[in-house]
Protein chains: 2
Amino acid sequence: MSTTPRARVGRPRATAGSTQLAPRDEILDAAAALFVENGFAATTTRAIAERIGIRQASLYYHFAGKDDILVELLERTVRPSVEFAKTLREDPSLASAAALHTLAVRDVETLAAAPHNIGTLYLLPEANRDRFDGFRASRRELRDAYGAFAMDAATDALRATWTLAELGAAIIHLVEIVIPLRRDGEMIDAVRIADACLRLCGLDDAAIAAATGR
Amino acid sequence: MSTTPRARVGRPRATAGSTQLAPRDEILDAAAALFVENGFAATTTRAIAERIGIRQASLYYHFAGKDDILVELLERTVRPSVEFAKTLREDPSLASAAALHTLAVRDVETLAAAPHNIGTLYLLPEANRDRFDGFRASRRELRDAYGAFAMDAATDALRATWTLAELGAAIIHLVEIVIPLRRDGEMIDAVRIADACLRLCGLDDAAIAAATGR
């Protein structure tokens, strides 16, 4: 099934590999490429190991299996933004609309830079299993961070009809537009997507300009 | 790999099957369930046939293979909305903002009613192959219908910074929020999502109320 070119098997770490990545990151990178190209089910740990020229046993030194690799890949799409949301929340000088905008810009950039567009893996049936509860909890945390900033920034009319979770869901999904766009070879810059998040909260152009210091 | 309970094999059409679906629709429904639960790669045409109690040969009478089934499932998530957009476009009495809102409501309802939330299949690696060019073209057609209504409805400020394709992409993705929401057992009603689409175009509450006759 795999279309991976057969790489040499051995210990390329000692022989100046083609990348500068740590072994663990190299495994993640190769797995991301194969999952995105061929699907999760069709990708074996052997194919991942072969792609970077290590033995399957070396892969198992770093990861218990394919699920663990997918968990780590998915968490890497979310965790930096969850952490960033915390630092924004701790800044009392930052208005909610500005915090939401800043978070959205950072999140778009994280997704746009993710190797092999791994955000596409989030809707895999496999990612719905119990093993991925931790990832889903992290993603809910990010959604609720968006929701909290958004509810605070929103107009009264909006706050009367949307719950925090709903508004957070709408915004995280709007941010994640970069995933299908990138897959189709297109892109919208991060600032305009972040502007759209504020528009979703009912802010007009003047309010957006004020919030973003433009 | 499959967890499908083994159904009887034979010709259940003649013996009052458990559903009222036509054979072709019954195949599509069973395939959608298995693709969504277990993934596309892990689902065999045999598992699909067994699930509804027909022979594999009967399945091949209706579909050339798994790819054809996935194409048809994906097109069913998009085609009704493409057709509906055409009828909206042909109504000269309908303003663009109203048309956009009406289309978004119908589209959300179509996705919310799709069997087994087949919208989740759209990001499958398999759906990126040439075989799915037709589906992707249909989806682009829907995106551009959204984009055309949206550009016409949008404020000048927005029209100056977004292209039709970009705005269409943002809106179709906002509509498709129902797919992950439904997967997580949540829902936002169609009218509020459609309102959010108009907000994305820069419309304020008064303009949204006017466009939707509220």
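The values are calculated or read from the model by the stated rules, or taken from the named source; none is laboratory data. Bear in mind that the values here come from a model prediction, so they are computed numbers and not experimental data. With ideal geometry, Cβ positions are generated from the backbone for all residues, glycine too; neighbour counts draw on all protein chains shown. For accessibility, only protein heavy atoms count, side chains too; no ligands or nucleic acids. Shrake-Rupley method; radii C 1.70, N 1.55, O 1.52, S 1.80 Å.
Restricted to segment A:159-187, and to residues there that are more than 16 Å from the chain's Cα centre (by Cα) and β-branched (Val, Ile, Thr), the residue that is farthest from the other protein chains (Cβ to nearest Cβ) is A:Thr163.
Does B:Leu124 satisfy the condition of being assigned by TED's automatic domain parsing to the domain that holds B:Ala85 and touching a Ser or Thr at 6+ places or on another chain (Cβ under 8 Å)? Outline the logic, then answer.
Details: assigned by TED's automatic domain parsing to the domain that holds B:Ala85: yes; touching a Ser or Thr at 6+ places or on another chain (Cβ under 8 Å): no.
No: the conditions fail for B:Leu124.
The one condition from (1) among the small types (Gly, Ala, Ser); (2) open to solvent by 30 Å² or more (accessible area, probe 1.4 Å); (3) touching a residue at least 12 places away in the same chain (Cβ under 8 Å) that B:Ala22 does not meet is (3). Of all the listed residues (A:Ala99, A:Ala190), the sole one being under 16 Å from B:Leu167 (Cα atoms), aliphatic (A, V, I, L, M), more than 12 Å from chain B (Cβ to nearest Cβ) and in contact with an Asp or Glu (Cβ under 8 Å, 6 or more places away or on another chain) is A:Ala190.
When A:Ser58 is tested against (1) in contact with a helix residue (DSSP H, G or I) (Cβ under 8 Å, 6 or more places away or on another chain); (2) crowded, with 19+ Cβ neighbours inside 10 Å; (3) not aromatic (Phe, Trp, Tyr), exactly one condition is not met: (2). Within segment B:36-62, which residues are within 14 Å of chain A (Cβ to nearest Cβ) and in contact with a Lys or Arg (Cβ under 6 Å, 6 or more places away or on another chain)? Scanning segment B:36-62 gives no hits. Restricting the search to segment A:133-158, which residues are under 14 Å from the mean Cα position of the chain (by Cα) and within 21 Å of A:Thr102 (Cβ to Cβ)? Once the filter is applied, which keeps residues that are under 14 Å from the mean Cα position of the chain (by Cα) and within 21 Å of A:Thr102 (Cβ to Cβ), segment A:133-158 yields A:Ser138, A:Arg139, A:Arg140, A:Glu141, A:Leu142, A:Arg143.
Taking the conditions (1) open to solvent by less than 70 Å² (accessible area, probe 1.4 Å); (2) out of contact with any Gly (no Cβ under 9 Å at 6 or more places or on another chain); (3) in contact (Cβ under 8 Å) with a residue 12 or more places away in the chain in turn, A:Arg76 satisfies each one other than (1). A single member of B:Ser81, B:Ser96 is over 16 Å from B:Phe135 (Cβ atoms) and open to solvent by less than 70 Å² (accessible area, probe 1.4 Å), and it is B:Ser96.
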